[in-house]
1. Looking at region 1-38, which of the residues that are surrounded by 15 or more Cβ atoms within 10 Å (Cβ to Cβ) and charged (D, E, K, R) is nearest to residue 54 (Cα to Cα)?
2. Only one residue in 83, 60 is over 18 Å from residue 1 (Cβ atoms), surrounded by fewer than 19 Cβ atoms within 10 Å (Cβ to Cβ), touching a residue at least 60 places away in the same chain (Cβ under 8 Å) and small (Gly, Ala, Ser), so which one is that?
3. Would you mention how many residues in region 39-57 are among the β-branched types (Val, Ile, Thr) and either surrounded by fewer than 16 Cβ atoms within 10 Å (Cβ to Cβ) or over 12 Å from the mean Cα position of the chain (by Cα) (or both)?
4. Taking region 68-80, which residues are more than 9 Å from the chain's Cα centre (by Cα) and part of a strand (DSSP E or B)?
5. Can you tell me how many residues within region 14-51 are assigned to a strand (DSSP E or B), of a type outside the set (A, V, I, L, M) and modelled with pLDDT of 95 or more?
Amino acid sequence: MLHITEKNGGVIFAVRVLPRSSRSEIAGLHGGALKVRITAAPVEGKANEACVACIADFLGVPKSRVEIIAGSTAKNKRLFVAGMTRTQVESRINDL
């Protein structure tokens, strides 16, 4: 189960990024984090950009509302998504 915290008008949750995948997609849950496959390599921030874009698309929000707040150089990251509630994120995840 994904642990989601509501804070400062948004939500914080963990993601596990798998770079250099065959396609970019949300691939379910992995150890309490949302598993995100992306095609980009982890070079010069390309994987972080792709991760933000994939999460924004999945949640139906602009990329500007998604921010990596921890783990920018690691596969395990913490994201903040402004303007969303825990219930909204959970409903998107339940659609997986």
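1. It comes out as 25.
2. Of the residues listed, the single one that is over 18 Å from residue 1 (Cβ atoms), surrounded by fewer than 19 Cβ atoms within 10 Å (Cβ to Cβ), touching a residue at least 60 places away in the same chain (Cβ under 8 Å) and small (Gly, Ala, Ser) is 83.
3. At the first step, the residues of region 39-57 found to be among the β-branched types (Val, Ile, Thr) are 39, 43, 52, 55.
If we keep only those that are either surrounded by fewer than 16 Cβ atoms within 10 Å (Cβ to Cβ) or over 12 Å from the mean Cα position of the chain (by Cα) (or both) too, we end up with 39, 43.
Going through region 39-57 one residue at a time, the tally reaches 2.
4. Filtering region 68-80 down to residues more than 9 Å from the chain's Cα centre (by Cα) leaves 69-76.
Hits for region 68-80 are 69, 70, 76.
5. Adding up the residues that qualify gives 4.
The values are calculated or read from the model by the stated rules, or taken from the named source; none is laboratory data. These numbers come from a predicted model, not from an experiment. Every residue, glycine as well, gets a Cβ built from its backbone with ideal geometry; the counts of neighbours run over all protein chains shown.
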